[in-house]
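Q: Handing you a structure now.
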Amino acid sequence: MTEKHFLYHFLNPKSVAFYGANNKGGSLAAIQIMNLIKSGYDGHIYPIHLELESVMGYKAYKTIADIPEVPDLVVIVLPAKIVPQIFKECGEKGVKRIILISGGFRELLDDRKNTLTEEICQIADKYRMRFIGPNCLGVFNNWYRNGNENQAFNTAIWEILKKGNFSIASQSGTLSSHIWFDPKNIDLGLSKSLSVGNEANIDIVDCLEYYKDDPDTHVIGLYIEELKRGRKFLELAKKTSPNKPIIAIYVGGSKAGNRALQSHTGSLSGDTRIYDALFRETGIISTEYVQEFLDIALILSRGILPKGNRVGIITNSGGPGAMIANNAEKKGMIVPELSNSLQMELKEMLPANASYRNPIDCAFDMNLPYFYITIPEILMKSGEIDAIIQYGVVGFQDVMDDYLKYDQIAKNAEFGHQPDEIMDSLAKKLVQPTVENSKKYSVPILHVSPMPFNSPWSKRLRENGFNLFKLWDRPVNALAKVCKYVRFKGKLLEGRKN
């Protein structure tokens, strides 16, 4: 039960005290209080300030000793040199959980090694306190209060995000929070985010341990600069990965990367080959790219995994179909030529100039129900493919509406603007049957449109459940790594049977 894990109370505190907040909005502590307000947090908030009477509308206290209860959680954003004293005050108050945002602890200062980390660790041990950080951005829990639609516990992310089943643990605060600053352009929902910083007390292994049993986490994302407890991580990842896929970005190995890590969190990075071997052994999906990290998470979070690596390609243009097929095979997937019977079935419904061997090039055919529903369903139930990539789900009405902005065209055109209600209904009718078939046959389908991601038609497709991509390289690359993970799971199950 995750409620028994110590991290549960970091993500679900009933009261929070803040050191370093003010009303100017320029401090990280003030931003974190504003995040709580914006996220609908309804617990007690206690700012601590020597001079101010109130911070963001909450009564301020001069010391933690003055607060009328022992806060469930304390957030500290103060200069590093005074943090040991703050830790002592928190320990004497009876505090058990701290998020230490402040930096300046583990990095090398001049020619002398900074010993502040050792000092705060000793104080934490003395008072049996656990703390996240230093040098982190805090935590996010989208399922605070049993998933109330309008509430989250959020100290780390500026935006309001839709609830999802993907959770992150990161040694970089930026990766755990900044990637969510444009929620309108990302269809991936977030469950939880833990920014662990320098890991002086709580590390990524603790987070993985928590996510392993968290019912609201189905897919796990990790950003790793070093692993202090490699053996424990290996053991835990082996238990977790077969049930909850893990996606990891490891940063290190290059000279420039190692220099950056030393000054960022003071990490001592390892050989890339060691991490590659670790990821292969545990089935962790590895990537070096943030966009691919999110693309893989999106596919996995929908919960429809391919049974193998055979890809069916549907397109209304030859070039993208050829590039998708070429890239897929280079990435280790199979683009099988369809059986004669399946080709004949497709031939009967496609235009004379179409190709139906795979890729299936429908040419420029405006028979939308066939393109969106019928052809994908035929492939899904054939048993000859495990996943589909479909190019060309273009919103032609969006294009026509743009033409109608010109008076000469508008006066002579024998077509007109279609009301939003009609287009909403059309999108629902075209999209939802294929989404249901994808679930029914366990065949994921990824759609590609070159149109703007937030165009009216693209938004309609996304809102109705399509996994939509702007161009075709990204879905192929992400799907290839998902298929590799599926092969790992399959081999694992085979081994267990034998």
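The values are calculated or read from the model by the stated rules, or taken from the named source; none is laboratory data. Just so it is clear, the model here is predicted, and its values are computed rather than measured. With ideal geometry, Cβ positions are generated from the backbone for all residues, glycine too; neighbour counts draw on all protein chains shown.
Q: Are any of the residues in the stretch 177-188 within 19 Å of residue 8 (Cβ to Cβ) and either basic (Lys, Arg) or touching a residue at least 24 places away in the same chain (Cβ under 8 Å) (or both)?
A: No: zero hits.
Q: Oh, and also: Filter the stretch 144-176 down to residues that are more than 15 Å from the chain's Cα centre (by Cα) and of a type in the set (A, V, I, L, M, F, W, C) and give me whichever is farthest from residue 94 (Cα to Cα).
A: That would be 158.
Q: Among the listed residues 435, 476, 399, which satisfies the condition of being touching a strand residue (DSSP E or B) at 6+ places or on another chain (Cβ under 9 Å), assigned to a helix (DSSP H, G or I) and surrounded by fewer than 18 Cβ atoms within 10 Å (Cβ to Cβ)?
A: Only one candidate qualifies: 435.
Q: Could you please find all residues in the stretch 402-432 being among the polar types (S, T, N, Q), more than 28 Å from the chain's Cα centre (by Cα) and part of a helix (DSSP H, G or I)?
A: 408, 412, 425
Q: Considering each of 340, 309 in turn, give the residue that is farther than 16 Å from residue 434 by Cα and buried (at least 17 other Cβ atoms within 10 Å of the Cβ).
A: On inspection, the qualifying residue turns out to be 309.
Q: While we're here: For the stretch 353-391, which positions are in contact with a His (Cβ under 7 Å, 6 or more places away or on another chain) and modelled with pLDDT under 95? Outline the logic, then answer.
A: First, the residues of the stretch 353-391 that are in contact with a His (Cβ under 7 Å, 6 or more places away or on another chain): 390.
Within the stretch 353-391, none qualify.
Q: Please list, ordered by first then second residue, the pairs with beta carbon atoms under 8 Å, 6 or more apart or interchain, first in the stretch 452-475 and closer than 13 Å to residue 426 by Cβ, second crowded, with 17+ Cβ neighbours inside 10 Å and among the hydroxyl-bearing types (Ser, Thr, Tyr).
A: Here the result reads 457/449; 461/449, each pair linking the stretch 452-475 to a residue that is crowded, with 17+ Cβ neighbours inside 10 Å and among the hydroxyl-bearing types (Ser, Thr, Tyr).
Q: Given the options 45, 82, 98, 33, name the one that is closer than 20 Å to residue 197 by Cα, free of Cβ contacts under 8 Å to residues at least 60 places away in the same chain and part of a strand (DSSP E or B).
A: 98
Q: Being out of contact with any His (no Cβ under 6 Å at 6 or more places or on another chain), outside any helix (DSSP H, G or I) and small (Gly, Ala, Ser): is that true of residue 191 here?
A: On the way: out of contact with any His (no Cβ under 6 Å at 6 or more places or on another chain): yes; outside any helix (DSSP H, G or I): yes; small (Gly, Ala, Ser): yes.
So residue 191 fits the description; yes.
Q: Could I ask something else about it? Test residue 241 against the stated conditions and say whether it is in contact with a Ser or Thr (Cβ under 7 Å, 6 or more places away or on another chain) and either without any contact (Cβ under 8 Å) to a residue 40 or more places away in the chain or over 25 Å from residue 135 (Cα atoms) (or both). Walk me through it before giving the result.
A: Details: in contact with a Ser or Thr (Cβ under 7 Å, 6 or more places away or on another chain): yes; either without any contact (Cβ under 8 Å) to a residue 40 or more places away in the chain or over 25 Å from residue 135 (Cα atoms) (or both): yes.
Yes, satisfied.
Q: Tell me whether the stretch 303-324 contains one or more residues that are in contact with a Gly (Cβ under 9 Å, 6 or more places away or on another chain), assigned to a helix (DSSP H, G or I), modelled with pLDDT of 95 or more and within 30 Å of residue 237 (Cα to Cα).
A: No - not one qualifying residue is present in the stretch 303-324.
Q: Shifting gears a bit: Kindly indicate whether any position in the stretch 321-334 is more than 23 Å from residue 451 (Cβ to Cβ), among the β-branched types (Val, Ile, Thr) and in contact (Cβ under 8 Å) with a residue 24 or more places away in the chain.
A: yes
Q: Can you confirm whether the stretch 252-264 contains a residue that is at pLDDT 90 or above and of a type in the set (A, V, I, L, M)?
A: Checked the stretch 252-264: no residue is at pLDDT 90 or above and of a type in the set (A, V, I, L, M).
Q: Before we move on, is residue 377 in contact (Cβ under 8 Å) with a residue 40 or more places away in the chain, closer than 24 Å to residue 439 by Cβ and either part of a helix (DSSP H, G or I) or of a type outside the set (Gly, Ala, Ser) (or both)?
A: So residue 377 fits the description; yes.
Q: What residue, of 212, 192, 126, 163, is assigned by TED's automatic domain parsing to the domain that holds residue 39 and more than 26 Å from residue 485 (Cα to Cα)? It would help to see each step written out before you state the result.
A: Details: 212 fails: more than 26 Å from residue 485 (Cα to Cα); 192 fails: more than 26 Å from residue 485 (Cα to Cα); 163 fails: more than 26 Å from residue 485 (Cα to Cα).
Matching residue, one of 212, 192, 126, 163: 126.
Q: When residues of the stretch 86-128 are filtered for being of a type in the set (S, T, N, Q), modelled with pLDDT of 95 or more and surrounded by 13 or more Cβ atoms within 10 Å (Cβ to Cβ), how many remain?
A: 0
Q: Also, I was wondering about something else. Can you confirm whether residue 327 is assigned by TED's automatic domain parsing to the domain that holds residue 482 and in a loop (DSSP other than H, G, I, E, B)? Spell out the reasoning first.
A: On the way: assigned by TED's automatic domain parsing to the domain that holds residue 482: yes; in a loop (DSSP other than H, G, I, E, B): no.
No.
Q: A follow-up question, please. Does residue 372 qualify as being farther than 16 Å from residue 349 by Cα and crowded, with 23+ Cβ neighbours inside 10 Å?
A: No, not satisfied.
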